[in-house]
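The next block holds one structure in the form of C-alpha cells; read it before the comments.
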Amino acid sequence: MTSHIMPTYGRLPITFDRGEGAWLWDDRGQRYLDALSGIAVCGLGHAHTAVHAAICAQSKKLLHTSNLYGIAVQEQLAQRLTEKSGMDNVFFCNSGAEANEAAIKLARKFGHQSGIENPAILVMEKSFHGRTLATLSATGNPKVQQGFAPLVQGFIRVPYNDVAAIEQALAQHSNIVAILVEPIQGEGGVNIPATDYLNQIRTLCDQHNILMMLDEIQTGIGRTGTFLAYQHNGILPDVCSLAKALGNGVPIGACLARGKAAQILTAGTHGSTFGGNPLACSAALAVLETLDNDDLIALAAQKGDLISAALTVALHNNPHVVDIRHKGLMIGVELDKPCSELVTLALQAHLLINVTNEKTIRLLPPLIIDPQQIEQLVATLAMIITEYTAATL
Ligand SMILES: *Cc1c(COP(=O)(O)O)cnc(C)c1O
C-alpha cells in the first residue's frame with residue numbers, strides 16, 4: 001500500500017491501537033512493554049484516567065478561544081508551573097522547538113536591549129533543540145542541519161561538559177548574550193555532565209550578565225527524579241523550555257522566564273494561535289496534579305536507581321557494555337559499537353526502546369512503570385543485549 005505521508009521518518013513495521021499504563025497493544029492484539037513513552041512524552045503512561053477525565057471535561061466546555069482573551073485554565077497552569085519551577089512567568093506554545101524558538105528570540109531581544117547589535121547564543125556540540133530553522137541551527141548534529149543551509153546565524157558552539165571551553169568563548173566573543181544547554185543531552189546519547197556543570201554555568205552567566213537558558217524538554221516534568229533537572233543543582237536558570245511530558249501526549253510547549261528575562265517578550269513581539277489553549281492546559285494541569293498526588297517524581301528517582309542497578313548486575317560480565325548511566329528514569333546503556341539493530345530485536349521481544357548517538361540504548365520508561373514491568377524490562381533488555389553482542393561483536 002502506498003503511503004500518503006511525507007517520508008520524514010523511517011518507521012518500524014508496527015502500528016499501535018491502544019495502551020494502558022506502560023503497556024501498548026498493536027493492531028493484531030499483541031502486547032508490548034513501552035520503555036520509551038513516545039520519546040519521553042507519556043510520563044504518566046497511556047490512557048491515564050486523570051488526563052482522560054480532564055480533556056473530556058474541558059472538551060465539553062470549550063476547546064479554544066484565542067490569546068486575544070483571558071484563558072482561566074492557562075492562568076492556573078502558569079501559576080502551578082511557576083510555583084513548581086521557581087520561575088516568574090510562562091509563554092505557551094505547542095512543541096519543544098517552538099519553546100526553544102521563544103527562548104532564542106528572547107535572548108536576541110535581550111541582547112539588542114543591552115546595545116548588542118549582533119547577539120550570539122552559546123550552544124553545545126551533540127545538542128538537540130528541534131527541527132525548525134533556528135532550532136536546527138542551534139542543534140549540534142550535522143545530520144540535522146544537512147541540506148538546510150543557509151543556517152540561522154548567531155550561534156557559537158563549544159563541547160558539552162567543558163566549562164573551560166565556555167570561559168574561553170566568553171573571553172573571545174563579547175556579543176554572547178545567552179548560553180543554551182540541556183541539563184542532560186538526550187538525543188546526543190544520554191550524556192550526563194559533571195555534577196556542578198550547571199552551577200558553573202550559572203556563575204559564568206551571572207559574571208557576564210548573560211542569560212542561562214536550559215532546554216528541559218526531555219529532562220523536565222519529573223523524568224530525572226526532580227520536577228526539573230536543574231533542581232538537582234539548587235540553581236535557577238533565567239529561561240527554561242518545556243514540552244514533551246507536559247501534556248502526556250496532548251501537544252503543549254512552554255518557555256519559562258525569570259527576573260530580567262521575564263519582561264523581554266512584550267505585546268506584539270511573539271505569539272501563537274494555539275499556544276496555551278484550554279484543552280492543552282487542562283491536560284497539563286492534570287499531569288502536574290497527578291505527579292504530586294501520586295508522588296511520582298520521588299518514585300522516578302528510585303525506579304531509575306533500581307533499573308540501572310539491575311542492568312549493571314545482569315550485564316556485569318559483558319565486555320561490550322561500556323557504560324550504564326542514568327538520572328532518574330533517563331537511562332543510557334552504551335555499547336562499544338553501533339547497535340541500532342537492537343531496536344528491532346527488542347520489538348521482536350515485545351519491548352520498545354531507542355538507540356541514540358549510534359551506540360547508546362536509551363530508556364525513557366513511563367514514571368508509572370510497576371515493579372513487575374521493571375523486572376520484565378531488565379530481563380528482556382539484558383537478554384537481547386547478551387544475544388546481540390555474542391552474535392555480532
Ligand atoms: C524533543 C526535543 C526537542 C524538540 O521538541 P519537539 O516537540 O519535537 O519540537 C528539543 N529539545 C530537546 C532536548 C528535545 O528532547
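Coordinate-derived values only; no laboratory data. All figures in this text were calculated on a predicted structure; none of them were measured in a lab. A quick note on method: Cβ atoms are made from the backbone with ideal geometry, for glycine too, and the neighbour counts reach across all protein chains shown.
Gaussian network model of the chain, Cα springs within a sub-10 Å range: biggest mean-square fluctuation belongs to which of Arg202, Arg362, Arg28? With Cα springs under 10 Å in the chain, the top fluctuation among Arg202, Arg362, Arg28 is at Arg28. What the Cβ-Cβ distance of Gln146 and Ala72 gives, at R0 = 45 Å and to the nearest 0.05, is a FRET efficiency of 0.50.
Based on Cα contacts under 8 Å between residues 6+ apart, the range 278-393 shows a relative contact order of 23 percent.
Distance from the Cα centroid of the range 140-173 to that of the range 1-27 is 35 Å (rounded to whole angstrom).
Our summary gives the range 1-100 a relative contact order of 13 percent, counting only alpha carbon pairs under 8 angstrom and 6 or more residues apart.
Taking every full run of DSSP H in the chain, the ones that stretch at least 27 Å from end to end by Cα along their long axis and average -1.0 or higher on the Kyte-Doolittle scale are 371-392. The range 247-313 and the range 320-393 have Cα centres separated by 25 Å. Is there a pair in Lys143/Lys359; Lys109/Lys260; Lys126/Lys337; Lys126/Lys303; Lys244/Lys327; Lys303/Lys359 whose C-alpha atoms are over 20 Å apart, and which pairs would that be? From the list (Lys143/Lys359; Lys109/Lys260; Lys126/Lys337; Lys126/Lys303; Lys244/Lys327; Lys303/Lys359), the Cα-Cα distance tops 20 Å for Lys126/Lys303; Lys303/Lys359. Placing +1 on the Cβ of every Lys and Arg and -1 on the Cβ of every Asp and Glu, with nothing else charged, gives the range 1-136 a dipole about its Cα centre of roughly 120 debye. Once you order the gyration tensor axes a ≥ b ≥ c over the Cα atoms, which shape class does the range 25-132 get: rounded for a/c under 1.5, otherwise prolate or oblate by comparing a/b with b/c? The shape class here is oblate. Protection proxy ranking of 65-76, 122-133, by the mean of other Cβ atoms within 10 Å over each peptide's residues and highest first, is 122-133, 65-76.
The alpha carbon gyration tensor of the range 212-254 gives principal lengths a ≥ b ≥ c with a/c of 1.5 or higher and a/b no greater than b/c, which makes the shape oblate.
What is the chain by shape, rounded, prolate or oblate, if you read a ≥ b ≥ c off the alpha carbon gyration tensor as root eigenvalues and call it rounded for a/c under 1.5, prolate for a/b larger than b/c, and oblate otherwise? Oblate shape, in that a/c is at least 1.5 and b/c is the bigger or equal ratio. Based on C-alpha pairs under 8 angstrom that are at least 6 apart in sequence, the chain has a relative contact order of 22 percent. Using just its DSSP H runs of length 4 or more, each adding -39500 (n - 2.57), the chain gives a mean residue ellipticity at 222 nm of -11500 deg cm²/dmol after division by all residues.
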